[in-house]
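Here's the structure we're looking at; comments come further down.
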Amino acid sequence: MRREDIGSIRFGGTKILKDRPTHCFPVCVQGMKSISEKLQKHRSNPAQRAEYLQRATFNYRLSRARRLIENAFGIMSSRWRILRRAFRASETTTENIIRACVLLHNFMLQESPQARLIYNPPGYVDHEDWQGSCMEGAWRDGDDDPSIFREPTASGCHSAR
């Protein structure tokens with residue numbers, strides 16, 4: 001576009017390309033302040049960009065928090081059988097069951113490196129790969145052992161005579 005063409009060329013709306021007369025394409029010019037105000041243009045506004053960045057940051061943090069909560073409950077429900085079905089208990093008992101599960105979950109994650117590896121092995125929770133894509137964890141498969149704890153072994157006679 002030449003300087004003398006400013007004002008004589010219609011911008012905005014649509015434009016028909018010569019080689020494809022049946023297709024209309026929207027036209028938009030990214031303008032600068034030095035170009036005439038007669039052009040229909042979209043300038044990038046610093047305030048809009050800041051608002052967009054704030055919204056994007058909020059959305060990223062919100063989705064990360066959701067994923068964290070979903071992983072925590074996924075691990076707990078895959079490890080603690082009682083969380084896999086609806087509770088048939090009073091509200092107080094239900095709250096106590098949930099508190100106990102959360103307490104045991106935190107204990108298993110903080111007790112020792114060996115306990116943590118058994119309770120939460122690598123690849124068990126969702127994670128992001130190097131490109132930022134979410135990779136689903138193994139807890140979503142649902143076909144793991146019903147319990148990570150070993151069954152008690154028989155250690156003698158326990159008859160009730």
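A few notes on this one:
- Of the GluC sites (Glu not before Pro) in the range 68-114, those whose Cβ has at most 13 other Cβ within 10 Å and which sit in DSSP loop: Glu111
- Exposure proxy order (Cβ contacts within 10 Å, fewest to most) of Asp126, Asp141: Asp141, Asp126
Here, each number is a calculation from the coordinates, and none is a lab measurement. Keep in mind that what you see is a predicted model, and the values were worked out from it rather than measured. Heads up, the Cβs are rebuilt from the backbone with ideal geometry, glycines too, and the neighbour counts pull from every protein chain shown.
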